[in-house]
1. Quick one: in the stretch 123-134, of everything that is surrounded by fewer than 16 Cβ atoms within 10 Å (Cβ to Cβ) and touching a residue at least 40 places away in the same chain (Cβ under 8 Å), which residue is farthest from residue 36 (Cα to Cα)?
2. Only one of (1) touching a residue at least 24 places away in the same chain (Cβ under 8 Å); (2) buried (at least 16 other Cβ atoms within 10 Å of the Cβ); (3) assigned to a strand (DSSP E or B) is not met by residue 23, so which one is it?
3. Being more than 29 Å from residue 181 (Cα to Cα) and not basic (Lys, Arg) narrows it down to one residue among 110, 87, 131; which is it?
4. Only one residue in 113, 152, 120, 158 is modelled with pLDDT of 95 or more and under 23 Å from residue 78 (Cα atoms). Which one?
5. Search the stretch 167-183 for residues being surrounded by fewer than 19 Cβ atoms within 10 Å (Cβ to Cβ) and of a type in the set (S, T, N, Q), and hand back the single one that is nearest to residue 104 (Cα to Cα).
6. Report yes if some residue within the stretch 56-78 is closer than 24 Å to residue 139 by Cα and touching a helix residue (DSSP H, G or I) at 6+ places or on another chain (Cβ under 9 Å); otherwise report no.
7. Got at least one residue in the stretch 33-43 being part of a strand (DSSP E or B) and open to solvent by 80 Å² or more (accessible area, probe 1.4 Å)?
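The values are calculated or read from the model by the stated rules, or taken from the named source; none is laboratory data. Computed from a predicted structure; not experimentally measured. Every residue, glycine as well, gets a Cβ built from its backbone with ideal geometry; the counts of neighbours run over all protein chains shown. Quick note on the areas: whole protein, heavy atoms, side chains included, nothing else; ligands and nucleic acids left out. Shrake-Rupley method; radii C 1.70, N 1.55, O 1.52, S 1.80 Å.
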Amino acid sequence: MNSRYERKFCFNVSQLNLVEACLRSFNILEAYPQRSVFSIYYESHNFISFHDSNAGIGDRLKRRIRWYNDKIDNLIFEKKIKNNELGYKINNFNQIPKSNNIETKVYYHGKFKYKIPIPKVWDICYVPVVGVSYDRKYFNVGGKDIRFTIDKNICFSKVVNYSSYSIVNYLLSQNSCVLEVKYDSQLETFPNN
């Protein structure tokens, strides 16, 4: 498993063209087409993952389901593990029993999109609590293991859990974008060139 550093920077959507132009001026070019990213995050009843993150706890874990471009047949079950500043992911868990699934109705800006089956409970006590979606562009530094992503059209939703189904309604809630740089743990400091 490769650990990597991940640094995030928020900026206003009005600066999007400037940020992209700045990346291009350093020969940081788009690696592949933009994708729409959808995630549902799981949390304990007392929100331990959230509180650990806010408190700056170095070792922590997030559980999420992710899919891209409305390809709901390719749900990715993911655990994102942080050891201080380094992070890595473990994908696709077969240990989540199908009998535990609940039908989740996904809406986007109030319009029904589709239904997906997701676990009602994960790892004994974690339930779906929040949905996040955004459009992501991918950039690479030529010849180096450094990747930049820009997220825009960021949407959030509380997951409303009922006994036999859940609802997620992604709504655009901010004018912010996120620039993230990801680089291998073997690079001791952020590269200057």
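1. 125
2. Condition not satisfied by residue 23: (3).
3. Matching residue, one of 110, 87, 131: 110.
4. Criteria check complete, one pass: 152.
5. Here the residue is 173.
6. No, the stretch 56-78 contains no residue that is closer than 24 Å to residue 139 by Cα and touching a helix residue (DSSP H, G or I) at 6+ places or on another chain (Cβ under 9 Å).
7. Among the residues of the stretch 33-43, at least one is part of a strand (DSSP E or B) and open to solvent by 80 Å² or more (accessible area, probe 1.4 Å), which makes the answer yes.
Quick grid of which residues meet (1) of a type outside the set (Phe, Trp, Tyr); (2) over 18 Å from residue 6 (Cα atoms); (3) open to solvent by 50 Å² or more (accessible area, probe 1.4 Å):
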| site | (1), (2), (3) |
| --- | --- |
| 87 | yes, no, no |
| 103 | yes, yes, yes |
| 117 | yes, yes, yes |
| 150 | yes, no, no |
| 165 | no, yes, yes |
